[in-house]
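Beneath this line is the structure, given in structure tokens, with notes to follow.
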Number of protein chains: 2
Amino acid sequence: MIEVKEALEIVAANSNAMPMQKIKVHKALGHVVAETIYSPISMPPFRQSAMDGYAFTHSIRHQYDIVGISQAGDHSNIKLKQNEAIRIFTGAYVPDDADTVVMQEHVMANTDSILIAQMPEKNTNVRPKGEQIGKGDVVFEPNTLLTPAAIGFLACLGITEIEVYKKPKVGILVTGNELTEPGKKLKKGKIFESNSIMIQAALETIGIKKTKVYRVKDNLKATKNALKSILKKNDIVLISGGISVGDYDFVKEELLKNGVEELFYKINQKPGKPMFFGSKKETLVFALPGNPASSLTNFYIYVLPAVKNKMGFSEIHKPKVVRKLNAEIKNNTGKTLFLKAKYDETDVTILEGQSSAMLNSFAIANGLVIVEQDAENIKNGQLVTILPID
Amino acid sequence: MIEVKEALEIVAANSNAMPMQKIKVHKALGHVVAETIYSPISMPPFRQSAMDGYAFTHSIRHQYDIVGISQAGDHSNIKLKQNEAIRIFTGAYVPDDADTVVMQEHVMANTDSILIAQMPEKNTNVRPKGEQIGKGDVVFEPNTLLTPAAIGFLACLGITEIEVYKKPKVGILVTGNELTEPGKKLKKGKIFESNSIMIQAALETIGIKKTKVYRVKDNLKATKNALKSILKKNDIVLISGGISVGDYDFVKEELLKNGVEELFYKINQKPGKPMFFGSKKETLVFALPGNPASSLTNFYIYVLPAVKNKMGFSEIHKPKVVRKLNAEIKNNTGKTLFLKAKYDETDVTILEGQSSAMLNSFAIANGLVIVEQDAENIKNGQLVTILPID
């Protein structure tokens, strides 16, 4: 049995980034940039008006004749004399002869001429060419997460394809004679199998959508065949159930026989103690606890960071949340606790029903309060650290 | 022009929940429950062992003969005499005659009998039937967000279909002669159109995946036809560009002609001032500013809450984040400022490039620092409020 800190380190040390793949920018949300991206253009590509108004050459003069117009999308490089201006709109090309744009609210205008009532400084309201980025400049370094804004930025530079890290293929192996698929009739002694659909949903939150589920009964031959296949086809293998000291658990033995190296088994935590972690080359194997709440806890604590490492994330963890505890916590277990909790802008409430079998409190939780193994008593009003799961 | 607070209230007051739809639970991630869900079974459905060990009737006796076995999935209601126990595994059916399970680590066992070295209290390690939820009890009230844990909970109760609020259909209308689709050749005076792909990505983060984009040039007829069609087919209409005081903007006029009621136009904020909001029956119309960063800011401030209201969310806003500012902010504009920022566990940094045209700082931001219109000076080290956008 190892401590949480060590378990986290071992998982991180074994989760390497996936190979690269080329992807269309409009499908790249949530992917991570795999190679430095350079801008193919200057942005803006020309001197651009930042306002609706009039472009002219700055001088002591206040009156100008209107000799033309520049709308967004135009590119007529109108020649201007000292006493001439043009009507111009936001985003439009500023003629080479003009250096300043006065906003229309600061002008008295008739059809042919304007009188500038409030004179702007020279260069006002003209965005220089390349103000945002120059041609050939770095757009994104590797390991940048592609947010909506990042995708917008790539698009505004005309970039339509980029290299990202592949998303890992994840396979889920479900074992257990007691498990019945939801929708079927529940026979006596059986329960509905919910871990696979829950973990599929949790993977979907990070954009991993096609997770295959392999279901086997608790017998050696079925487990053997399924393991061989799942190990071959996936980058991350999640096993639900079948790893405990129970006499009917063949999974660990079979993993080792299939060339999976054990990296740890059992963690000094509650819930989620009986977890196996191993690897076979770059493929990671997590055998999660069978109890639903333990399984999901360990998904958030261990699997999600591993997925993020594989996807090339530079920031594996969201900034932790610190809140005032509005109850007391006693921890005489000597273990690290992960308590399902609901936090708001100031406080955090530990939810009822922390049993490892229970999902109802997890369903309304937005975070896990982390209670260190040596924190024996946390008092009402004390600050605690929360891992957000929303 | 109205204030931010008022604008938020008007948007909220006009964003009503969508009609209901029946959906499969495994496709329900991110949807919101629309009617009270009751449990069709008790969970656990029978008295369940919480441990691998031995089940027996609690007494002063320490030695028991092993007369059977109960594995997970079995349902043999073995009769037990006072001196008899059965081998039992986690999740397995506890025979009616037994009231207690001793964990195997606390027992000395041979093939036929056990000696309990550490006697548990009566009822230990037996999960009562219905401990988690009883048959007919409420699983979720309406307006519960379907998280991975919530989906797991439904599945473990055997529920495969539920009523949720429909997701709104969103259409994006892009106007502007200056706009070129990324991938095409950029002619002089033109820029690449990035708002639609960016807003599509932002909608995707909340699970709205099929957003249709309508592109029109800045001319009356094209705008007219596109508006008619987009208003008919969508629950939320987002218009990018075309709403300013520029002479070439027909959009607002056409909206009004098409029966859209103006609810506000222009907000006292920076960036994002020139926004129009209106409605036609239940359809909401946001004409976003054309500048990319302003457009995305207003998406997060106004559109996303409206989408969440339509989807039935009970919590429209994530808990706000408060962090120590590691710079100084001067606000002599009299406007509310939304500053692109990056926060960590203690501090927040205001990013360079706050111009409304610039997306590069937005691309690496994880929040918007909200500077109230009357906050003229915020000092280094002062706490500020952040709207998280990650």
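The values are calculated or read from the model by the stated rules, or taken from the named source; none is laboratory data. All values derive from a computational prediction rather than experimental measurement. Don't worry about glycine lacking a Cβ; one is built from the backbone with ideal geometry, like all the others, and counts go over all protein chains shown. Remember, those area values only see protein heavy atoms, side chains included, never the ligands or the DNA or RNA. Shrake-Rupley method; radii C 1.70, N 1.55, O 1.52, S 1.80 Å.
Tallying residues that are at the interface with another protein chain (Cβ under 9 Å from one of its Cβ atoms), touching a residue at least 24 places away in the same chain (Cβ under 8 Å) and either within 22 Å of B:Val32 (Cα to Cα) or touching a Pro at 6+ places or on another chain (Cβ under 7 Å) (or both) within the range B:316-328 yields 3. Out of the range A:365-390, which residues are outside any loop (DSSP other than H, G, I, E, B), farther than 18 Å from B:Val322 by Cα and open to solvent by less than 80 Å² (accessible area, probe 1.4 Å)? Within the range A:365-390, A:Leu368, A:Val369, A:Ile370, A:Val371, A:Ile378 meet the criteria. Of all the criteria given as (1) touching a Ser or Thr at 6+ places or on another chain (Cβ under 8 Å); (2) at pLDDT below 95; (3) surrounded by 15 or more Cβ atoms within 10 Å (Cβ to Cβ), the one not satisfied by A:Ser314 is (3). Within the range A:120-132, one or more residues are at the interface with chain B (Cβ under 10 Å from one of its Cβ atoms), within 28 Å of the chain's Cα centre (by Cα), over 15 Å from A:Arg61 (Cα atoms) and in contact (Cβ under 8 Å) with a residue 40 or more places away in the chain. Scanning the range B:183-197 for residues that are assigned to a helix (DSSP H, G or I) and polar (S, T, N, Q), which turns out farthest from the other protein chains (Cβ to nearest Cβ)? Among those residues, the one meeting the criterion is B:Ser196. Residues that are over 23 Å from B:Leu339 (Cα atoms) and in contact with a His (Cβ under 9 Å, 6 or more places away or on another chain) do not occur anywhere in the range B:208-224.
Of all residues in the range B:361-370, at least one satisfies being over 30 Å from B:Thr36 (Cα atoms), touching a strand residue (DSSP E or B) at 6+ places or on another chain (Cβ under 9 Å) and away from every other protein chain (no Cβ under 12 Å). Within the range A:286-312, the set of residues being among the small types (Gly, Ala, Ser), within 14 Å of chain B (Cβ to nearest Cβ) and not in a helix (DSSP H, G or I) comprises just one member, A:Gly290. Here B:Ala12 meets the list (1) assigned to a loop (DSSP other than H, G, I, E, B); (2) surrounded by fewer than 19 Cβ atoms within 10 Å (Cβ to Cβ) almost entirely, failing just condition (1). Restricting attention to the range B:22-61, the residues that are more than 8 Å from every other protein chain (Cβ to nearest Cβ) and open to solvent by 30 Å² or more (accessible area, probe 1.4 Å) total 14. When B:Gly207 is tested against (1) within 30 Å of A:Ile206 (Cβ to Cβ); (2) within 26 Å of the chain's Cα centre (by Cα); (3) without any contact (Cβ under 8 Å) to a residue 24 or more places away in the chain, exactly one condition is not met: (3). Evaluate the range B:28-38: report whether one residue or more is hydroxyl-bearing (Ser, Thr, Tyr), out of contact with any Phe, Trp or Tyr (no Cβ under 8 Å at 6 or more places or on another chain), outside any helix (DSSP H, G or I) and not assigned by TED's automatic domain parsing to the domain that holds B:Gln71. Yes. The test for being closer than 20 Å to B:Ala363 by Cα and either in contact with a strand residue (DSSP E or B) (Cβ under 7 Å, 6 or more places away or on another chain) or open to solvent by 20 Å² or more (accessible area, probe 1.4 Å) (or both) holds for A:Phe140.
Exactly one residue among B:Ile86, B:Ile69 is assigned to a strand (DSSP E or B), open to solvent by less than 20 Å² (accessible area, probe 1.4 Å) and β-branched (Val, Ile, Thr), and that residue is B:Ile86.
When residues in the range A:147-197 are screened for being in the same structural domain as A:His26 (by TED's automatic domain parsing), surrounded by fewer than 24 Cβ atoms within 10 Å (Cβ to Cβ) and among the small types (Gly, Ala, Ser), 1 of them pass. The condition of being touching a strand residue (DSSP E or B) at 6+ places or on another chain (Cβ under 9 Å), of a type in the set (S, T, N, Q) and over 26 Å from B:Ile191 (Cα atoms) holds for B:Ser314. Kindly indicate the residue of the range A:198-231 that is charged (D, E, K, R) and outside any helix (DSSP H, G or I) and also surrounded by the most Cβ atoms within 10 Å (Cβ to Cβ) among those meeting that condition. In this case the residue turns out to be A:Asp218.
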